[in-house]
Amino acid sequence: MHRFANPARFLRLGAAIMPWSTGVAVLSLAAGLYFALFASPADYQQGESVRIMYVHVPAAWMALFIYTSLAATSAIALVWKHPLADLAAKAMAPVGAAFTALCLVTGSLWGQPMWGTWWVWDARLTSVLVLFFLYLGHIALNNAFDDPTRGARAAAVLAIVGVVNVPIIKFSVDWWNTLHQPASITRLAAPAIDPAMLRPLLLMAIGFTAYFVSILLLRIRTEILARKLRTLRYMQGAEAPAPAVAGERI
Amino acid sequence: MRNLAEYFAMGGYAVYVWPSYAAAVAVLIGVLIASLRSLRARSAELEAIEGSLPHRSREERPT
Amino acid sequence: MTRKRRRLYLLGLFLLGLGTATALALAAFRDNLVFFYSPSDLARLAVAGDRAVRIGGLVEQGSVERRAGSIEIRFRVTDLQNTLPVVYAGILPDLFREGQGIVAQGRLGPDGVFRASEVLAKHDENYMPPEVAAALKRSGHWQETAGKPK
């Protein structure tokens, strides 16, 4: 049963990682919320509304990080046909879409009091909206075909095409005049954020990432079960269980 | 210790700050519940279908 | 193995082509992707007065005038090279103040005054508590960077 060998190894690895990632997620999110809402100062210009940043910015980072992972996973699926890659891509897309939606909603809630508008069509905001639609398109394509392998292939192509949007989002604030301000944290320079504000920001970012790891492991497990179900149903329908026609591509 | 009402007012930005955090909590918990539900549903279906295929012993167990 | 390698090369070529095409397209539409013009852009591009445009820059120090008994406000927007007088009647965002970056949407009148229909505040990428900002200003390490136009 070479087909199941890989998922079995993955399931063991996942079961070993899951308690750790979940623990890190719970602890970082609890500490992050404490610092974000109680033990951090108000901003000199934005007052208490700066606390929205501790949700908005980590959500934006997750939206980009998950999309980059999605594109990399899709490339692995298309080039090496790794049996788990399609399942991982399918498992992560809705989580990425949820973080992108959170980023857009909190950005709107922050923009209204600070900028004076819920939404503008500047390069940054528009490219993030495009990212959200890319996620939705990926989810839709994955479910659009009767044959799940065809759906996965179409979705993988979309994910790879959409990856050009990632640098556009990242550098939009530097390339064009936008209403959105440029990045505060760059690798080369000291961050333009006070340490007391950086702490909740990073804690929330670690918490979101660890949360994503746990959720992803859980969702890949679900996808593995779903694939087994399809195989078993196919074999049941075919009456005589022939191992060679398991309906799955290796 | 700051006045509690003053704290919840968030310097006048309460209507923007609290919905942001509510949205974050809703997304994190919503995705978690949806993922757990579909895992349970698939496990249950798999168990049901395996009950009808007694000759297949499975080498790894989910959950 | 060779088929995998071929797929990998194909994917690499595809991404290279896609990236080049996107870069070319973005370069071609560069001027249309701009969210706002600076006062210098406006002077250079000679935008027709009947077209609604967005301008961005800093609110010049000491330029904000409010008339008593009117919600009309006048101020000058500068990019440190050119300045543009703006007149606006409406609600200002919380971050609007002198020295702050703003983006205003409106039309340039024949008298050279920009009549704004909407004023948005642009904030910078610096975040700090008020005490730190005050200490920086006291020690002379303060840099005015808010909404600096490019």
Members of segment C:1-21 found to be within 22 Å of A:Pro167 (Cβ to Cβ), surrounded by 13 or more Cβ atoms within 10 Å (Cβ to Cβ) and not hydrophobic (A, V, I, L, M, F, W, C), listed by number: C:Gly19
Can you tell me which of A:Val55, A:Val24, A:Val50 is within 14 Å of chain C (Cβ to nearest Cβ), under 25 Å from the mean Cα position of the chain (by Cα) and assigned to a helix (DSSP H, G or I)? A:Val50
Subset of segment A:69-87 [among the hydrophobic types (A, V, I, L, M, F, W, C) and part of a loop (DSSP other than H, G, I, E, B)]: A:Trp80, A:Leu84
Unique match (being modelled with pLDDT of 95 or more and out of contact with any His (no Cβ under 7 Å at 6 or more places or on another chain)) among B:Ala34, B:Ala44, B:Ala5: B:Ala34
Could you pull out the residue among A:Gln112, A:Gln46 that is under 23 Å from B:Ala22 (Cα atoms), out of contact with any strand residue (DSSP E or B) (no Cβ under 7 Å at 6 or more places or on another chain), buried (at least 20 other Cβ atoms within 10 Å of the Cβ) and modelled with pLDDT under 95? A:Gln46
From the list A:Leu136, A:Leu179, which one is aliphatic (A, V, I, L, M) and either part of a helix (DSSP H, G or I) or modelled with pLDDT of 90 or more (or both)? A:Leu136
Mind checking which pairs have a first residue in segment A:83-106 that is within 12 Å of chain B (Cβ to nearest Cβ) and more than 14 Å from A:Leu218 (Cα to Cα) and a second that is of a type in the set (Phe, Trp, Tyr) and surrounded by fewer than 22 Cβ atoms within 10 Å (Cβ to Cβ), Cβ under 6 Å, 6 or more apart or different chains? A:Thr100/A:Phe132
So, first residue within 18 Å of A:Gly111 (Cα to Cα) in segment A:160-182, second residue of a type in the set (Gly, Ala, Ser) and at pLDDT below 85, Cβ within less than 7 Å, six or more apart or across chains; the pairs are A:Val173/A:Ala183
Among the residues of segment C:82-116, write down those that are surrounded by fewer than 18 Cβ atoms within 10 Å (Cβ to Cβ), touching a residue at least 12 places away in the same chain (Cβ under 8 Å) and hydrophobic (A, V, I, L, M, F, W, C). C:Val87, C:Ala89, C:Leu92, C:Val113
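On the basis of being within 14 Å of chain C (Cβ to nearest Cβ) and closer than 27 Å to A:Ser49 by Cβ, does A:Ala71 make the cut?
Numbers: within 14 Å of chain C (Cβ to nearest Cβ): yes; closer than 27 Å to A:Ser49 by Cβ: no.
Taking the combined requirement at face value, the residue does not satisfy it.
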Within segment A:97-121, track down each residue that is touching a helix residue (DSSP H, G or I) at 6+ places or on another chain (Cβ under 8 Å) and not hydrophobic (A, V, I, L, M, F, W, C). A:Thr100, A:Thr106, A:Gly107, A:Gln112, A:Pro113, A:Thr117
Yes/no for C:Ile73 being facing chain A (nearest Cβ under 10 Å) and either assigned to a loop (DSSP other than H, G, I, E, B) or in contact with a strand residue (DSSP E or B) (Cβ under 6 Å, 6 or more places away or on another chain) (or both): no
Please give the number of the condition A:Ser69 fails out of (1) small (Gly, Ala, Ser); (2) buried (at least 20 other Cβ atoms within 10 Å of the Cβ); (3) under 17 Å from the mean Cα position of the chain (by Cα); (4) modelled with pLDDT of 95 or more. (2)
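Identify all residues within segment B:8-22 that are surrounded by 19 or more Cβ atoms within 10 Å (Cβ to Cβ) and out of contact with any His (no Cβ under 9 Å at 6 or more places or on another chain); write none if there are none. Don't jump to the end; show me each part of the working.
Filtering segment B:8-22 down to residues surrounded by 19 or more Cβ atoms within 10 Å (Cβ to Cβ) leaves B:10, B:13, B:16-17, B:20.
Across segment B:8-22, the qualifying residues are B:Met10, B:Tyr13, B:Tyr16, B:Val17.
The values are calculated or read from the model by the stated rules, or taken from the named source; none is laboratory data. The shown structure was predicted, so the numbers you read here are calculated from the model rather than taken from an experiment. With ideal geometry, Cβ positions are generated from the backbone for all residues, glycine too; neighbour counts draw on all protein chains shown.
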